[in-house]
Amino acid sequence: MLNLLKYCSQCFELLLLNSGGPLKAGKSRVLYGVSEVFPIVALVGLGKQENKSNPLEERDEAKEAIRTAIAAGCHSLGETNISKILVDSCGDGEAAAEGAHLAVFKYQDLKSKKKPIPTEAVNCLEGLGVEVLTRSYDWAKQRNMNAFLSVTRGSAEPPVFLELSYRGNDLSDEKPLAIVGKGVTFDTGGISLKPPANMDKMRADMGGFIPLCENMPGSRATKPGDVVVASNGKSIQIDNTDAEGRLILADALHYASQHKPRAMINMATLTGAMAVALGSGAVGVFSNSSALWEVMHKAGTISGDRVWRMPLWKHYSSQEFVTCDHWMHMDIAGVMENKDEVPYLGKGMSGRPTRTVAHFAELIASGKSEL
Ligand SMILES: [Zn+2]
């Protein structure tokens, strides 16, 4: 991160004027041979300052403008042959770094001859101080996680219940924040088989506590009409085997609640209807706690990856598996893929709303919330 103006205070304004005039917000222009220190420079448009405070947008528009503009600059420099980009902070180093990092990120592991192996991910996390526990089928069976295990019956791949824990400081008696993610590594729909179109995308359905399994239509697969008894003793009759997310989450939520968390977040694509309701504009969330909602909403305004609260009235639902006072379900069906809606994210799986949840954890850890 650098301050370009230090190197070249007057000349950029002049160069801009001489190269076609001011830039619109989110647009970039590449200039060559500007100085010996910086032979190639991308100038970007941040937009007008007065357009940056619109309360209806419910996000920090100045940060968003920086992310978008820096990403545009990095994209246009990507067409040149340079190997290193230095980024001006534009007044907000974090937003500039996010825009640059997200814009140039490409998942290339599968293109290299050396295939990534899962133990590398474990080593990487453990290096960061995250404790990784991989629980087996027998562990889940002992805990009567029959809802989870019912989803995995049709697959030859064994299920894994992943438990990741991180202690940021020594205050180990503080109640944890529990995050539960749906980890269906491939979802055919099971006996309620999905149509073949777009089934290749059904390996992206993942997000704590992560129950990992495949949903396949094998000869031992769970059938519509079957009844399973989940780990909290409640019985569930399975109607459509493609609605497997709630089954694996039921057992994971019950397990997570035994750790007596101060707040519990679960992330999943439970319903395609959320994509119909909100499109890719925001993550639809359901919560039994207005205090929790306030913090997550604030986190969304900082990250620019917004959340929108949906009703959780008894009229719609009963929450039999949630015993935590501060609980939230984030439905990521509408945001898991990016086409071109968010200009600083690449095409494909978006990773949303990871940045919002990270800010949420930061707000809680810094004591800036009532939770
Ligand atoms: Zn499914």
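The values are calculated or read from the model by the stated rules, or taken from the named source; none is laboratory data. These numbers were taken from a predicted model, which means no experiment stands behind them. For neighbour counting, all protein chains shown are included, and Cβ atoms are generated from backbone atoms with ideal geometry for every residue, glycine included.
Would you mind stating whether S290 is polar (S, T, N, Q) and surrounded by 20 or more Cβ atoms within 10 Å (Cβ to Cβ)? Reasoning before the result, please.
Numbers: polar (S, T, N, Q): yes; surrounded by 20 or more Cβ atoms within 10 Å (Cβ to Cβ): no.
Criteria not met by S290.
Would you say T241 is β-branched (V, I, T) and under 27 Å from the mean Cα position of the chain (by Cα)? Quick ask: steps written out before the conclusion?
On the way: β-branched (V, I, T): yes; under 27 Å from the mean Cα position of the chain (by Cα): yes.
When the stated conditions are applied, T241 passes them.
From V132, V87, grab the single residue that is in the same structural domain as K347 (by TED's automatic domain parsing) and under 26 Å from S350 (Cβ atoms). Give the steps one after another, and end with the answer.
Working: V87 fails: in the same structural domain as K347 (by TED's automatic domain parsing).
One residue alone meets the criteria, V132.
Out of G225, G168, G189, which single residue is assigned to a loop (DSSP other than H, G, I, E, B), within 11 Å of the ligand (Cβ to nearest atom) and not hydrophobic (A, V, I, L, M, F, W, C)?
Working: G225 fails: within 11 Å of the ligand (Cβ to nearest atom); G168 fails: within 11 Å of the ligand (Cβ to nearest atom).
Result of the check over G225, G168, G189: G189.
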(Q) What's the total number of residues in segment 242-252 that are in a loop (DSSP other than H, G, I, E, B) and either more than 8 Å from the ligand (Cβ to nearest atom) or small (G, A, S) (or both)? (A) 1
**Q.** Meets criteria (in contact with a strand residue (DSSP E or B) (Cβ under 6 Å, 6 or more places away or on another chain), of a type in the set (A, V, I, L, M) and buried (at least 20 other Cβ atoms within 10 Å of the Cβ)) for A65
**A.** no
Q. Which of (1) under 20 Å from L125 (Cβ atoms); (2) modelled with pLDDT under 95 does P195 not meet, given it meets every other one?
A. (1)
Q) Out of all the residues in segment 342-369, which are of a type in the set (V, I, T), part of a loop (DSSP other than H, G, I, E, B) and within 13 Å of the chain's Cα centre (by Cα)? A) none
Q: Name every residue in segment 192-238 that is over 29 Å from the mean Cα position of the chain (by Cα), within 24 Å of A178 (Cβ to Cβ) and among the charged types (D, E, K, R), in order of residue number.
A: K234
